[in-house]
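K.L.:
What follows is a structure written as C-alpha cells; I'll ask about it next.
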Amino acid sequence: MRKFDIQTTNFLRILRRGAFDEGKPIGIMSPYKWAKTVNLAEHHSLTPLFALGVEKYYKDDSINIPGEQINVIREHLKNTPQKGFGDLYDFGKIHLKSKTLDEKLSQIVSKEYADAEKSYETMMLMSIIIVNVEHMMNGYSYLRGIIDMGRLLRQEGNKVDFVKLDNWLSQTRMSRIANLQGSLLINSFGFTKEEIPFVSKVEKDAMQEMMKAVYGISSTHSDGWHFQESKSGFIVSSPLKAMRSIRQSLHFRRYAPRESYSTIYRGFLKGLSEIEE
C-alpha cells in the first residue's frame, strides 16, 4: 500500500490535530522542509488550523520544528482567526455551472427554505459539498472545504438528515463527487465510513486525489479563459491558461461529468464576455 511522503504526512497530521484534536506522531524533518510545510498551510489559507495543530504537538513535546518557526506560527495563530462555517457557506447562494442541474439545485433550496422543519445542518453540509465542487472544477484550493466537512460531521453529524442529503445529491448528480470528498476524509484524516453515510465505497484514487489537492493547486487560477483583442484585431487567449482550465475540469469528469463539461463551457463564455469592446 502506497504511503504519503514525510512532508505530506506531517502536514496532514498537523491539520488533523488542529481540526479534530487527534493525530499520530510527527516525523523528523529538516528546517527547509518545515519552512515548505508552513508555506503549504499559508497557500491553502489554513494557517490558523495548522498553527493550532503545531501548538498542540509542541505542548506534548512531540514536534521538532525550529524555535524561530514556532514563533512565526504562533504569531499567525494570534493574528489570523479561522473563519467559521457561516462565513464561507451560504445555502441560498450555492450554484452549479450546469444550467439544468442548477435549476434542480435552486428548487431544492427554495423548497427547503419553505419547509417549517428545515434541517440547517443538512443545508450546511450540502453547501460545503457544492462549494467544494466549484473549487475542484476551477482549480481553487478545496482542502479547507474537506476539513470543514469533517468538522461539521464530527460536531453536528447526528443532526444531519442523510436520507434528505442523498436525495439532493442524486437530483443534482453530485453523489459520486460527494463520495470522493468523503473518501478524502477517510483516507487522510482518520474518518470511518460510519461517520459519512453518503460514502458508498471509498474511492481507490483518494490518496492520489489528496496529493493533487495539496500540491496541484495553482497560485494563479480563474474560472474564465481571459480572451483579449490583439493589436491586429484578432481575439486571442493564453493557450496555457486555457489548457490548465480544461484539464482541471476534465480531471473530475468521471465524478461529475455534466458539471465538468458545463464548467469548461461557462469558462469559455466568461472569457469572451470580458473582452473590452
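The values are calculated or read from the model by the stated rules, or taken from the named source; none is laboratory data. All of these numbers come straight from a predicted model, not from anything done at the bench. Note that we place each Cβ from the backbone using ideal geometry, even for glycine, and neighbour counts take in every protein chain shown. Heads up: the accessible areas ignore ligands, DNA and RNA and are worked out on the full protein's heavy atoms, side chains in. Shrake-Rupley method; radii C 1.70, N 1.55, O 1.52, S 1.80 Å.
K.L.:
In region 207-235, what count of residues is obtained for those that are open to solvent by 60 Å² or more (accessible area, probe 1.4 Å) and at pLDDT below 85?
P.N.:
Counting residues in region 207-235 that are open to solvent by 60 Å² or more (accessible area, probe 1.4 Å) and at pLDDT below 85 gives 10.
K.L.:
Which of the residues spanning region 14-46 are without any contact (Cβ under 8 Å) to a residue 40 or more places away in the chain, under 16 Å from Asn64 (Cα atoms) and outside any loop (DSSP other than H, G, I, E, B)?
P.N.:
Pro31, Tyr32, Lys33, Trp34, Ala35, Lys36, Thr37, Val38
K.L.:
Sort out which residues of region 184-198 are in contact (Cβ under 8 Å) with a residue 24 or more places away in the chain and in a helix (DSSP H, G or I), and write them in order of number. Walk me through it before giving the result.
P.N.:
Narrowing region 184-198 to residues in contact (Cβ under 8 Å) with a residue 24 or more places away in the chain: 184-185, 188-191, 195-198.
Leu184, Leu185, Ser188, Phe189, Glu195, listed by residue number.
K.L.:
Restricting to region 198-209, name every residue that is more than 20 Å from Lys24 (Cα to Cα) and under 19 Å from the mean Cα position of the chain (by Cα).
P.N.:
Taking region 198-209 and keeping what is more than 20 Å from Lys24 (Cα to Cα), we get 198-205, 208-209.
Listed by number, the residues that qualify are Phe198, Val199, Val202, Glu203, Lys204, Asp205, Gln208, Glu209.
K.L.:
Still on this structure: Of the residues that make up region 199-206, is at least one among the charged types (D, E, K, R), more than 17 Å from Met174 (Cα to Cα), modelled with pLDDT of 65 or more and in a helix (DSSP H, G or I)? Quick ask: steps written out before the conclusion?
P.N.:
As a first pass, look at region 199-206 and keep what is among the charged types (D, E, K, R): 201, 203-205.
Cutting the leftovers down to more than 17 Å from Met174 (Cα to Cα) gives us 204-205.
Retained after the next criterion (residues that are modelled with pLDDT of 65 or more): 204-205.
If we keep only those that are in a helix (DSSP H, G or I) too, we end up with none.
No - not one qualifying residue is present in region 199-206.
K.L.:
OK, next. What is the one condition in (1) under 21 Å from the mean Cα position of the chain (by Cα); (2) without any contact (Cβ under 8 Å) to a residue 24 or more places away in the chain that Ala116 does not satisfy?
P.N.:
Of everything listed in (1) under 21 Å from the mean Cα position of the chain (by Cα); (2) without any contact (Cβ under 8 Å) to a residue 24 or more places away in the chain, Ala116 misses just condition (1).
K.L.:
Working only within region 96-123, note down all residues that are part of a helix (DSSP H, G or I), open to solvent by 90 Å² or more (accessible area, probe 1.4 Å) and of a type in the set (A, V, I, L, M). So that I can check it myself, show each step before the final result.
P.N.:
Residues of region 96-123 that are part of a helix (DSSP H, G or I), as a first pass: 99-114, 120-123.
With open to solvent by 90 Å² or more (accessible area, probe 1.4 Å) added as a condition, the list becomes 99, 103, 107, 111, 113, 120.
Across region 96-123, there are no qualifying residues.
K.L.:
Looking at region 1-52, which of its residues are under 22 Å from Lys212 (Cβ atoms) and among the charged types (D, E, K, R)?
P.N.:
Within region 1-52, Arg2, Lys3, Asp5, Arg13, Arg16, Lys33, Lys36, Glu42 meet the criteria.
K.L.:
A further question follows. Any idea which of Glu121, Glu134 is out of contact with any Leu (no Cβ under 6 Å at 6 or more places or on another chain) and farther than 17 Å from Met174 by Cβ? Quick ask: steps written out before the conclusion?
P.N.:
Working: Glu134 fails: farther than 17 Å from Met174 by Cβ.
From the options Glu121, Glu134, the qualifying one is Glu121.
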